[in-house]
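The values are calculated or read from the model by the stated rules, or taken from the named source; none is laboratory data. Predicted, not measured: the structure shown is a model, and the values here were computed from it. Reconstructed Cβ throughout: ideal geometry from the backbone, glycine too, with neighbour counts over all protein chains shown. Note: areas computed on protein heavy atoms with side chains; ligands, DNA, RNA excluded. Shrake-Rupley method; radii C 1.70, N 1.55, O 1.52, S 1.80 Å.
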Amino acid sequence: MARIAPAFARIETRQNAKRLTQAMMAHLERRNCWTLAEHAGETGPWRFQHLLSRARWDDARIRSETRAWASEHLSTGAGPRVLAVDETGDLKKGTATVGVQRQYSGTAGRIENCQLAVYLALAAAGGHAAVDVRLYMPKAWTDDPARCAAAGVPEQVGFATKPRLAGDMIEAALDAGIGADFAVGDEAYGINPELRRQLQRRRLSYVLAVACTTPVTVAAGKTTAAATLEQAGVAWQNRSTGNDAKGLRRYDWAWIDLVGEGEGHAHLLARRNRRTGELAYYLTWTAAPVPLQTLVTVAGMRWRIEETFQGAKELAGLDEHQVRTWTSWHRWITLAMLAYAFLAVARARETDSQAADMIPLTCNEIRHLLISAIAPDLDWLHRLRWSTWRRHHQATAKRLHYQRQLALAA
């Protein structure tokens, strides 16, 4: 916490942020200010609610420090350093929560009432962690100043596409001196020519997934990714993208030179599943020539951001926020990102010194050991007081809700 201490106006605020962050890593069925405050030994949720909504502290500075700290500790060792972009959705009810609307959520796999946020994750040999985030604000929000004001959205926030948000985060990371060799993303980012040009201007190589219908240009002319592959009669090579829980991830790979993608070395990279024959396509660009295996390895690292989402949600409650305003949302997400980055860095450090006869520690095991060491020793009277307060509060809320419904009916 010493590194991020200057982000807090008061020591009490910093201490509350530390307590909340620790509680977010606890083994709880649900994480909200009530359950976290009870776990932390508080007499009520008010300190944590105040911390998220009204206290004076700079969450943007903490995200910046988290990004730098994670880069320092995860970017060690051999192998490419990758900046991965992707969005994730959190299902919500109602219309008042900042950024919410009916839209497609890849997390749910369908159109739902949800928030969407674009994340930037750093993946390297040492591990992976989310290092920046941008909340996606639909036009229905940015075109409604009164609605934005009610949710505390700053006046300067305007509409921006998800690729634009991703590009802004990558620019900020590079400007901050974060070392990276490649950028990766799925089709939503790969098909965006402006994002690709932006990466080329920054001389950041990329491996971006694209659809089979994406137009590409080869020496013979312009065509689609799938047609180019069929017409070229390419030679497939069996390569591994790396290890996972089931062993080496092996696929057939082929690549074709492209033209018209700016100065540098551009390729259409294709991946074929040897068992199903399913094909996937990538546009790649590098400032200098690189071997096929490097591009294959980087393509496989795109899934690190999915693993980051899964870990941050499970271990730090990234998606369990029950807040509505711009400030509260960013503060919850910032502390969840900080918590998971701490686990990822601790795992990287322990892996370096791991004994040969033991499997490496996982983030989940580190979380378990940490919470076991710092868990408060609470007696049953504390639990009883919380049960009484919670049931009293719920009864009051129920009574007021019924009164409001009767007033509306009248």
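Qualifying GluC sites (Glu not before Pro) in segment 1-98, where qualification requires a DSSP coil assignment and no more than 10 other C-beta atoms within 10 Å, comprise E29. Remark: relative contact order (segment 85-220) = 18 percent; criterion is Cα-Cα distance under 8 angstrom and separation of 6 or more residues.
Take every Cα-Cα pair in segment 120-179 and report what % of them are more than 18 Å apart. Of all Cα-Cα distances in segment 120-179, 48 percent exceed 18 Å. Heavy-atom accessible area with a 1.4 Å probe sorts D175, D59, D319, largest first, into D175, D319, D59. Give me the base-10 log of I(q)/I(0) for segment 150-286 at each q in 0.16 Å⁻¹, Debye formula, one uniform scatterer per Cα, rounded to two decimals. Result of the Debye calculation: -0.90.
Relative contact order, whole percent, for the chain stands at 18, derived from Cα pairs under 8 Å and 6 or more residues apart.
What Kirkwood radius, in Å to one decimal, follows from the Cα pairs of the chain?
The Cα-based Kirkwood calculation yields 23.3 Å.
Considering every alpha-carbon pair of segment 1-159, the percent of pairs per 10 Å bin, from zero through the bin containing the longest distance, is 9, 26, 38, 24, 3, 0.
Taking amide H as placed 1.01 Å from N in the peptide plane, the amide H of E87 sits under 5 Å from that of Y119, each at least 5 places away or on another chain. Membrane-span-like helices of the chain, defined as complete DSSP H segments with a Cα extent of 27 Å or more along the helix axis and a mean Kyte hydropathy of at least -1.0, are identified as 326-352. The per residue volume of the convex hull around the alpha-carbon atoms of segment 129-217 is 132 Å³. Counting charges near K398 (Lys, Arg +1; Asp, Glu -1) among other residues having Cβ under 15 Å from its Cβ returns a value of +4. Near V216, once Lys and Arg are set to +1 and Asp and Glu to -1 for all other residues with Cβ below 12 Å from its Cβ, the sum equals 0. Kirkwood hydrodynamic radius of segment 280-346, from the reciprocal of the average inverse Cα-Cα distance over all distinct pairs: 14.4 Å.
Taken as Cα centroids, segment 70-112 and segment 242-294 sit 24 Å apart, rounded to the nearest whole angstrom. Think of segment 58-171 as a dipole: +1 on every Lys or Arg Cβ, -1 on every Asp or Glu Cβ, centred on the Cα centre; then among P145, Y104, G79, Y104 lies furthest on the positive end. Gyration tensor over the Cα atoms of segment 243-298: the corresponding equivalent ellipsoid has semi-axes (square roots of 5 times the eigenvalues, largest first) of 24, 14, 7 Å.
Report the local net charge at R239: Lys and Arg +1, Asp and Glu -1, summed over other residues whose C-beta lies under 13 Å from its C-beta. Before the final figure, lay out each step's value.
Details: positive: R249, R250, R271, R272, R274; negative: D252.
Net of charged neighbours comes to +4.
Each Lys and Arg contributes +1 and each Asp and Glu -1, all at the Cβ; summed about the Cα centre of the chain, the dipole is approximately 1160 debye. Relative to the globular-protein estimate of 2.2 N^0.38 Å, the Cα radius of gyration of segment 78-235 stands at 1.20. For segment 26-84, the list of trypsin sites (Lys or Arg not before Pro) that fall in a loop by DSSP and count at most 15 other C-beta atoms within 10 angstrom reads R30, R54, R56.
Run through segment 244-295 and list the GluC sites (Glu not before Pro) located in a DSSP loop whose Cβ has at most 14 other Cβ atoms within 10 Å. Don't skip to the answer; put the middle values down first.
Values: sites: E261, E263, E278; in loops: E261, E263, E278.
Filter output for segment 244-295: E263, E278.
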